[in-house]
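A.B. asks: Let me begin by handing over the structure; questions about it come next.
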Amino acid sequence: MSVVDVFLFGVGLSMDAFAVAICKGLAMKQVNKKQMFMIALFFGGFQALMPLIGFILGSAFADMISAYDHWIAFVLLLYIGGKMAIEAIKEWKNEDKVEIMDPPLDLKELTLLAIATSIDALACGVTFSFYEGFNILRAILIIGLTTFAISAGGVYVGNIFGNKFKAKAQLLGGIILIFLGVKILLEHLYGISFGF
């Protein structure tokens, strides 16, 4: 497997993290660089860690992982997305009140999101273990850095829309997370392809 192949793997695996990073950027009045770094670090770190774990576990647990990964991702994204949507609706009702500063980054929530968006990478790591002489350290470095950069960009993209729509944008972010969870579930259970 070439460096280009691994890079394309990294781009593909990072798309869910990109969508979630957009959601995080939506809630910021202006880009908080410290939060952006933490978001990108968590997503890039977990996206690198999961293939390593999968590679170490090897094919022995492949069936078990593929049987439940979509349910775990679905439940986590449904919970986080629903929570975001409820908070957005509450904020929408209180739009006339004085705006508070951006909420602090919730590391527990960020960890759950990083796990939910990187579960597919765990299964990919198992796949990598099938290649004889595969350089897993090079792969996780490429995948991690790619996801880090794409997630950081996602925060900026989300912030552009967040400044214009505020509570509506946060609601959209919650809906996007729920959609991602449903998408993962439908793709795994019924083989439905959404083309992205």
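The values are calculated or read from the model by the stated rules, or taken from the named source; none is laboratory data. Note that the coordinates shown come from a computational prediction; the quantities given were computed from them, not determined experimentally. As a convention, Cβ positions derive from the backbone with ideal geometry for all residues, glycine included, and neighbour counts pool all protein chains shown. Ligands, DNA and RNA are stripped out before the accessible areas are found, and what is left, the full protein with its side chains, is counted by its heavy atoms. Shrake-Rupley method; radii C 1.70, N 1.55, O 1.52, S 1.80 Å.
A.B. asks: (1) modelled with pLDDT under 80; (2) surrounded by 16 or more Cβ atoms within 10 Å (Cβ to Cβ); (3) under 13 Å from ALA27 (Cβ atoms); (4) out of contact with any Gly (no Cβ under 9 Å at 6 or more places or on another chain): which one isn't true of LEU110, the others all being true?
C.D. replies: Just one mismatch for LEU110, condition (1).
A.B. asks: Just checking, how many residues over region 1-30 are open to solvent by less than 30 Å² (accessible area, probe 1.4 Å) and either in contact with a Cys (Cβ under 7 Å, 6 or more places away or on another chain) or outside any helix (DSSP H, G or I) (or both)?
C.D. replies: Counting residues in region 1-30 that are open to solvent by less than 30 Å² (accessible area, probe 1.4 Å) and either in contact with a Cys (Cβ under 7 Å, 6 or more places away or on another chain) or outside any helix (DSSP H, G or I) (or both) gives 2.
A.B. asks: Still on this structure: Go through region 32-46 and give me each residue that's open to solvent by less than 30 Å² (accessible area, probe 1.4 Å) and either aromatic (Phe, Trp, Tyr) or outside any helix (DSSP H, G or I) (or both).
C.D. replies: Hit for region 32-46 is PHE43, nothing else.
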